[in-house]
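Worksheet: the structure to be examined is printed underneath.
The values are calculated or read from the model by the stated rules, or taken from the named source; none is laboratory data. From a predicted model like this one, the values you see are computed outputs, not experimental measurements. Quick reminder, even Gly has a Cβ in these numbers, built from the backbone with ideal geometry, and neighbours come from all protein chains shown. What goes into the accessible areas is simple: the full protein's heavy atoms, side chains included, and nothing from ligands, DNA or RNA. Shrake-Rupley method; radii C 1.70, N 1.55, O 1.52, S 1.80 Å.
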Amino acid sequence: MGTNPQDALNRLIAAFEAHHQAARAAEISEAAIVEAAEARLRDAFFTYDDALFNNYGVDLPFDMIEDDDFEDDEYDDDDIEFIDIDD
């Protein structure tokens with residue numbers, strides 16, 4: 001069956017908390033600590049996402065984007081359409 005979604009959720013929450021603690025306590029010289037916490041958080045996110053899909057057929061409403069996947073030139077401010085909610 002795979003990973004239990006509740007267990008995966010608990011690990012994801014713990015990974016968020018550990019990342020927060022590392023970010024709050026880290027000095028510039030301790031960037032490796034934050035990077036390690038980021039890696040654990042990323043792994044926990046994907047594990048939880050997989051558990052939800054494999055057990056319930058549900059995807060999370062967002063994805064993690066790698067820096068290499070994001071190209072600034074793909075997003076142009078001219079393409080943004082603003083909606084006037086007063087109309």
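Of everything in the range 23-48 that is among the hydrophobic types (A, V, I, L, M, F, W, C), part of a helix (DSSP H, G or I) and at pLDDT below 90, the residue that is most open to solvent (accessible area, probe 1.4 Å) is ILE28. Among the residues here, ALA51 qualifies as of a type outside the set (Lys, Arg), surrounded by 15 or more Cβ atoms within 10 Å (Cβ to Cβ) and either modelled with pLDDT of 85 or more or more than 20 Å from the chain's Cα centre (by Cα) (or both).
Residue pairs whose Cβ atoms lie under 6 Å apart, separated by 6 or more positions or on different chains, with the first residue in the range 1-17 and farther than 20 Å from TYR56 by Cα and the second assigned to a helix (DSSP H, G or I) and of a type outside the set (Ser, Thr, Tyr), are ALA15/ARG40; ALA15/LEU41; ALA15/ALA44.
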